[in-house]
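See below for the structure under consideration.
Rule-based calculations on the coordinates, nothing more; no lab input. What you see is a predicted model; the values in this text were computed from it and never measured. Here the Cβ positions follow ideal geometry from the backbone for every residue, glycine too, while neighbour counts run over all protein chains shown.
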Amino acid sequence: MRMQDEKWLDARGLALQNIRVRGGRSFGIAALSALLALMLFLSSFWMLSLKNGLRSLSPCRL
């Protein structure tokens, strides 16, 4: 077997082959990751808003 006959996959080639073969699973993982990132952002924004709201209601301001 010659070196030209061997197929070497780098990270990009492996990722593209994975998407080509298992597109549904790859899309599901990407969608779940996006949903979790959105939930993390919204929860941190919500906690910051609650903290600022409680700070504005407190009688003594530090």
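Annotations
- In the chain, the longest principal axis of the Cα atoms and the axis of helix 11-21 are about 90 degrees apart.
- For Cα extents along the principal axes in Å, the value computed from the atomic coordinates appears in the list (1) 49, 18, 10; (2) 81, 25, 8; (3) 32, 22, 21 under label (2).
- Leading residue at positive end of dipole, the chain (Cβ point charges), from Leu57, Met47, Ser26: Leu57
- About the centre of its Cα atoms, the chain shows a dipole size close to 240 debye [charges on the beta carbon of Lys, Arg (+1) and Asp, Glu (-1) only; nearest 20 debye].
- Cβ-derived FRET efficiency at R0 25 Å, Arg12 paired with Ser43, nearest 0.05: 0.15
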